[in-house]
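**Q** This is the structure I have questions about; it appears just below.
The values are calculated or read from the model by the stated rules, or taken from the named source; none is laboratory data. Since the structure is predicted, the reported quantities are computational estimates derived from the model, not experimental observations. Note: ideal-geometry Cβ built from the backbone for every residue, glycine included; neighbour counts use all protein chains shown.
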Amino acid sequence: MNIADILAIYQKRRSVRKYTGDPVAEADLELILEAGRWAASSNNRQASTCLT
């Protein structure tokens, strides 16, 4: 397997998700956002933007 084969695999990869449209509970949303705030950032760059 060469680099071109690996690149082709990456380009064809799909992650199909089905969303229900149900609202997310406020407490769950706060927990998700808090986890994102504590997550590591690339090269320890702290700046990030989160839109909800």
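**Q** Considering only region 1-21, state which residues are in a helix (DSSP H, G or I) and among the hydrophobic types (A, V, I, L, M, F, W, C).
**A** We begin by selecting, within region 1-21, every residue in a helix (DSSP H, G or I); these are 3-12.
Correct list: Ile3, Ala4, Ile6, Leu7, Ala8, Ile9.
**Q** Related question: Taking the options Leu7, Leu51, name whichever one is within 16 Å of the chain's Cα centre (by Cα) and among the hydrophobic types (A, V, I, L, M, F, W, C). Before the answer, list the steps.
**A** Details: Leu7 fails: within 16 Å of the chain's Cα centre (by Cα).
Just one listed residue meets the conditions, Leu51.
**Q** Right, another one. Residue check: is Ala40 exposed (fewer than 10 other Cβ atoms within 10 Å of the Cβ), among the small types (Gly, Ala, Ser), without any contact (Cβ under 8 Å) to a residue 60 or more places away in the chain and assigned to a helix (DSSP H, G or I)? Spell out how you get there, then give the answer.
**A** Numbers: exposed (fewer than 10 other Cβ atoms within 10 Å of the Cβ): yes; among the small types (Gly, Ala, Ser): yes; without any contact (Cβ under 8 Å) to a residue 60 or more places away in the chain: yes; assigned to a helix (DSSP H, G or I): no.
It is false that Ala40 is exposed (fewer than 10 other Cβ atoms within 10 Å of the Cβ), among the small types (Gly, Ala, Ser), without any contact (Cβ under 8 Å) to a residue 60 or more places away in the chain and assigned to a helix (DSSP H, G or I).
**Q** Here is a follow-up. Does region 22-33 contain any residue that is of a type in the set (Gly, Ala, Ser), assigned to a loop (DSSP other than H, G, I, E, B) and at pLDDT 90 or above? So that I can check it myself, show each step before the final result.
**A** If we filter region 22-33 for residues that are of a type in the set (Gly, Ala, Ser), which is where we start, we get 25, 27.
Next cut, assigned to a loop (DSSP other than H, G, I, E, B) only: 25.
From what's left, at pLDDT 90 or above: 25.
The answer is yes; a qualifying residue exists.
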